[in-house]
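The structure appears right after this line, and notes come after that.
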Amino acid sequence: MAAAARVAPKDHFSPAEWAPLSRKSSWKGLALMAHAWAVIFAAAAMAMAWPITIPLAVMIIGARQLGLAILMHDAAHGALHPNLKVNDWAGETLTPGGLVQYRNYHLGHHKFAQQAEDPDLGLSAPFPITRVSLRRKIVRDLTGQTHFKQRWAPLIRRIRERKPGESAVAILRRFVKSRPKFFLGAAVTIAVTAPFGYGWAWFVLWWLPSATWLPMITRLRNIAEHACVAKDEPDPLRHARTTHANILERMFLAPYYVNYHCEHHMFMHVPCYNLPRTHRLLKAKGVLPGMLTAPSYLDVLRLASSKPASQDRGGDATPEERGVRQVAIQ
């Protein structure tokens, strides 16, 4: 298996330029995590005080849930904190978790980016699709169908197909034990909020965003990063796409510099908060024209949904739809 071509920092930066880009801060990554949780709590407080703002809170919280996954992704690269023990503790404890499993899987994506062995190739390979197909996918995400297929349908299938003598209760017990943060967080939040009349808060202000807004922006983010990138692309400057994000997109779709995805694939150990500076330096050096970039998320979606309507395949769930991962930060 041939690994994807890589970019050496010395090809574009002097040692003096590279040192601050690759340096891990002892506080910036942790500050971003604190910011994500602060925004989540502030949006939840807003919604509880003024229920009319619940739709806005769902979008804000879903985007910060993605933000926490992005920061966990930085931890998977050892880029969240200079102390690896602190890096891994924060990446596992202060996010939805799954750091070790994600790291093992995700580094394979970087090693074989857009090559046949890339474990994420199936997420980008089907594009372009039709506008109707994209619209169907977004509807499935926003109505919770994608979340159900990924998180709950396998459990129901496992119970239905259980072996003789195997109880449904035992299967449910193992399921709960395999997701301790989810169920413990639900129990604690409900116990704290219910006495004040907000027993609904966890369901509406955590679970609902994770079941609707998060799957949709995860899909759109993944499309922007790798859709319509050629399989077996030899140029390491074109394995992933950087997309310009305005302030609203950074708030609701692309938090914590995740839109600088080409730079991330070029230099995967650069912390996310140093990616904008990396982008500016590459632009100043004339490298940017050779990189894969897009002026906006809307432009990428137009490209990704440019397949003629006559070729639409109907409402079937495609492999890449079944494969959209809640924490697959590429």
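The values are calculated or read from the model by the stated rules, or taken from the named source; none is laboratory data. Not measured: the values here are computed from a predicted model. We place every Cβ from the backbone using ideal geometry, glycine too, and count neighbours over all the protein chains shown.
Condition check for LEU123 on (1) in a helix (DSSP H, G or I); (2) closer than 15 Å to ALA304 by Cα; (3) modelled with pLDDT of 90 or more; (4) within 23 Å of the chain's Cα centre (by Cα): one failure, at (3). Of all the listed residues (ALA42, ALA16, ALA5, ALA36), the sole one being within 30 Å of LEU142 (Cα to Cα) and out of contact with any Leu (no Cβ under 6 Å at 6 or more places or on another chain) is ALA42. Take the residues of the range 36-58 that are out of contact with any Ser or Thr (no Cβ under 9 Å at 6 or more places or on another chain) and in contact (Cβ under 8 Å) with a residue 12 or more places away in the chain: which is nearest to ALA194 (Cα to Cα)? For the range 36-58, the residue satisfying everything is ALA44.
Scan the helices (runs of 4 or more DSSP H) fully inside the range 219-300 and keep the ones with 1 or more residues being in contact (Cβ under 8 Å) with a residue 24 or more places away in the chain and surrounded by fewer than 19 Cβ atoms within 10 Å (Cβ to Cβ).
247-252, 275-284
Looking at this structure, is LEU80 touching an Asp or Glu at 6+ places or on another chain (Cβ under 7 Å) and either touching a residue at least 12 places away in the same chain (Cβ under 8 Å) or of a type in the set (D, E, K, R) (or both)?
Working: touching an Asp or Glu at 6+ places or on another chain (Cβ under 7 Å): yes; either touching a residue at least 12 places away in the same chain (Cβ under 8 Å) or of a type in the set (D, E, K, R) (or both): yes.
Against the criterion (touching an Asp or Glu at 6+ places or on another chain (Cβ under 7 Å) and either touching a residue at least 12 places away in the same chain (Cβ under 8 Å) or of a type in the set (D, E, K, R) (or both)), LEU80 qualifies.
Return the residues of the range 23-49 that are in a helix (DSSP H, G or I) and out of contact with any helix residue (DSSP H, G or I) (no Cβ under 7 Å at 6 or more places or on another chain); say none if nothing qualifies.
At the first step, the residues of the range 23-49 found to be in a helix (DSSP H, G or I) are 28-49.
Once the filter is applied, which keeps residues that are in a helix (DSSP H, G or I) and out of contact with any helix residue (DSSP H, G or I) (no Cβ under 7 Å at 6 or more places or on another chain), the range 23-49 yields ALA31, ALA34, HIS35, TRP37, ALA38, PHE41, ALA42, ALA45, ALA49.
Restricting attention to the range 111-126, the residues that are surrounded by fewer than 16 Cβ atoms within 10 Å (Cβ to Cβ) and acidic (Asp, Glu) add up to 1.
Return the residue satisfying two criteria in turn: it lies in the range 62-102 and is polar (S, T, N, Q) and part of a loop (DSSP other than H, G, I, E, B), and of such residues it is farthest from THR212 (Cα to Cα). Give the steps one after another, and end with the answer.
Taking the range 62-102 first, the residues polar (S, T, N, Q) are 65, 83, 87, 93, 95, 101.
With part of a loop (DSSP other than H, G, I, E, B) added as a condition, the list becomes 83, 95.
Working: ASN83: 35, THR95: 19 Å.
In this case the residue turns out to be ASN83.
Does HIS261 fit the bill of being touching an Asp or Glu at 6+ places or on another chain (Cβ under 6 Å) and farther than 17 Å from HIS110 by Cβ?
Values: touching an Asp or Glu at 6+ places or on another chain (Cβ under 6 Å): yes; farther than 17 Å from HIS110 by Cβ: no.
It is false that HIS261 is touching an Asp or Glu at 6+ places or on another chain (Cβ under 6 Å) and farther than 17 Å from HIS110 by Cβ.
Tell me yes or no: at least one residue of the range 11-23 is within 24 Å of ALA201 (Cα to Cα), touching a Pro at 6+ places or on another chain (Cβ under 9 Å), at pLDDT 95 or above and not charged (D, E, K, R). Let's see the steps before the verdict.
Kept after step one, since they are within 24 Å of ALA201 (Cα to Cα), are these residues of the range 11-23: none.
Checking the range 11-23: not a single residue is within 24 Å of ALA201 (Cα to Cα), touching a Pro at 6+ places or on another chain (Cβ under 9 Å), at pLDDT 95 or above and not charged (D, E, K, R).
Does any residue of the range 24-37 turn out to be crowded, with 18+ Cβ neighbours inside 10 Å, out of contact with any Pro (no Cβ under 6 Å at 6 or more places or on another chain) and among the basic types (Lys, Arg)? No, the conditions are met nowhere in the range 24-37.
One line per residue, one yes/no per condition, for (1) touching an Asp or Glu at 6+ places or on another chain (Cβ under 8 Å); (2) surrounded by fewer than 12 Cβ atoms within 10 Å (Cβ to Cβ); (3) basic (Lys, Arg):
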site: PRO128; (1), (2), (3): no, no, no
site: LEU134; (1), (2), (3): no, no, no
site: VAL139; (1), (2), (3): no, no, no
site: ALA153; (1), (2), (3): no, no, no
site: ARG157; (1), (2), (3): no, yes, yes
site: ARG162; (1), (2), (3): no, no, yes
site: SER167; (1), (2), (3): no, yes, no
site: ILE171; (1), (2), (3): no, no, no
site: SER178; (1), (2), (3): no, yes, no
